[in-house]
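Structure first, commentary second.
Values in this text are rule-based calculations from the coordinates and carry no lab data. As the structure is a prediction and not an experimental result, all values here were calculated from the model. Cβ coordinates were reconstructed from backbone atoms using ideal geometry, including for glycine residues, and neighbour counts include every protein chain displayed.
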Amino acid sequence: MIANQDGLKILARHLGDDIVIALYDNAADLMALRPHPLNYFSVGAMGLAASHGLGLALGRPDKRVIVIDGDGSLLMSLGSLVTVAEAAPKNFVHLLWENGVYQANGGHPIPGRARVDFCGLARAAGYHQVHSIATADALEREIGDVLAEEGPVFAALKIDAGPSVKRDFSATRAQGLRDQFRTALQTT
């Protein structure tokens, strides 16, 4: 298993001038680890990270779009896998933080957590590249190659859920961040 913070730190070292979409806890943690004008925080839109990422990938084919999704979030919109695969944006990377819980909602277990094969679902949907990464060492070795592949790419990262902590996400909803993202998207 990969500790959540370790996964984000490893990923952050490999991010360039990419559009990065993150949800809830990962959005807040990424904002602290890697402040960047092209960070897009999908707080309040659980289940829509891949859909937001698809729109951005299609609208900006010159930019790599990296979606940091949660397994609970993806379960809310499994159809997005098929939609992304059908559109097949070459610049789309879908990283699934597979921790078996609805982290932002108190750490409640997701349905089917011991049975759901997210990589199998992505493969069946038609993603070009599918990976499963279970340790921090493997993530360190493989993430550069995963991010460089032609999309759509899907990678399930086996994340340790850790304790559920009540968080204030208001900073990720700040109008200034939205304005900064809009400006960066239009000028880069």
Give the percent of DSSP beta bridges with both residues in the stretch 2-187 that are antiparallel, rounded to the nearest 5.
-> 5
Mean residue ellipticity (222 nm) of the chain, computed from DSSP H runs ≥ 4 via -39,500 (n - 2.57), nearest 500 | -12500 deg cm²/dmol
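About the Cα centre of the stretch 2-187, what is the dipole size in debye to 20, counting +1 per Lys and Arg Cβ and -1 per Asp and Glu Cβ, all else neutral?
The calculated dipole for the stretch 2-187 is roughly 400 debye.
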So what is log10(I(q)/I(0)) for the chain at q = 0.13, 0.14, 0.18 1/Å, when the Debye sum runs over its Cα atoms only?
-> -0.60, -0.71, -1.25
Farthest positive-ward along the chain dipole, Cα basis, beta-carbon charges - from ALA124, TRP97, LEU54 | LEU54
Taking the stretch 2-187 and dividing mean pair separation by its residue count, relative contact order in percent (alpha carbons under 8 Å, at least six apart) = 26
Ordering 119-127, 50-58 by per-residue average of other C-beta atoms within 10 angstrom, highest first, gives 50-58, 119-127
Contour minus Cα-Cα span, MET1 to ASP179, at 0.36 nm per residue, comes to 60.4 nm
Charge dipole (the chain, unit charges on Cβ, about Cα centre) - positive-most of MET1, ALA155, ILE110 = ILE110
